[in-house]
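The values are calculated or read from the model by the stated rules, or taken from the named source; none is laboratory data. Please read these numbers as outputs of a predicted model, since none were measured by experiment. As a convention, Cβ positions derive from the backbone with ideal geometry for all residues, glycine included, and neighbour counts pool all protein chains shown.
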Amino acid sequence: MSDKKLQFMKGYLIGIRHTDGSLFFDNYHRSWKFQLQAIDKEMVNYTRECFKELFGRSLTLQKCKRKTNANKIVWQVSTYVQKIKDTFGIENIKTKEEKRGFISAFYDAEGSLLFDKRKKNAWRIQFACENERLKLFLSNLLNKLGFVNSNYKHKVGLLNGTEGVKLFLNFFMPKIKRKRFV
């Protein structure tokens, strides 16, 4: 696998960890653990692929016992990461491919593709984010990669119309199919 693909995967894992994933200390096993629970099986499976390629770990896909309020299945993967836990910090995002992977994961987990029927050519992308530090980090990454965005109270928005949205989706390659349609 190419270095660029591996860098993208590293950025993707960091993005997942800072959105729908979690990194916590398991007191019973006295070790750090990564866990992801999500309804989007494509995102969970790509996370599994990243762990396999980057760390040689095969994560088992599991159905959670719980379902969402809308009665949707929740998928889960988890693994102990004691020796690699420092990999998941946003300070480790340095290359263009790691930035692309991070934003792709952020979009998969917290992004929305929206259309304003009142305006012509009004497709836009929006990211939900309540963590101010993380929201600014995302906004700065988008700016560095040439995607002008606006910061709102709990979200970051890209107001680029249909062509800008297509450019975004082609550049960042999100893994969830339903979020790639324009």
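A quick yes/no check of all residues on (1) at pLDDT below 90; (2) within 25 Å of Ser31 (Cβ to Cβ):
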| site | (1), (2) |
| --- | --- |
| Val81 | no, yes |
| Glu97 | no, no |
| Arg124 | yes, no |
| Leu145 | no, no |
Open item on the list: Residues to consider are Ser78, Ser139; find the one that is of a type in the set (S, T, N, Q) and either closer than 22 Å to Glu42 by Cβ or assigned to a loop (DSSP other than H, G, I, E, B) (or both).
Closed with: Ser78
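One line per residue, one yes/no per condition, for (1) more than 23 Å from Leu54 (Cα to Cα); (2) within 13 Å of the chain's Cα centre (by Cα); (3) assigned by TED's automatic domain parsing to the domain that holds Leu54; (4) among the hydrophobic types (A, V, I, L, M, F, W, C):
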position: Ser78; (1), (2), (3), (4): no, no, yes, no
position: Val81; (1), (2), (3), (4): no, no, yes, yes
position: Trp123; (1), (2), (3), (4): yes, no, no, yes
position: Tyr152; (1), (2), (3), (4): yes, no, no, no
position: Phe168; (1), (2), (3), (4): yes, no, no, yes
Open item on the list: Residues that are within 19 Å of the chain's Cα centre (by Cα) and surrounded by 17 or more Cβ atoms within 10 Å (Cβ to Cβ), at least 1 per element: which strands (runs of 3 or more DSSP E) completely within segment 1-74 meet that?
Closed with: 21-26, 31-38
TODO: Looking only at segment 146-172, count how many residues are within 18 Å of Lys96 (Cβ to Cβ), assigned to a loop (DSSP other than H, G, I, E, B) and either touching a helix residue (DSSP H, G or I) at 6+ places or on another chain (Cβ under 6 Å) or charged (D, E, K, R) (or both).
DONE: 1
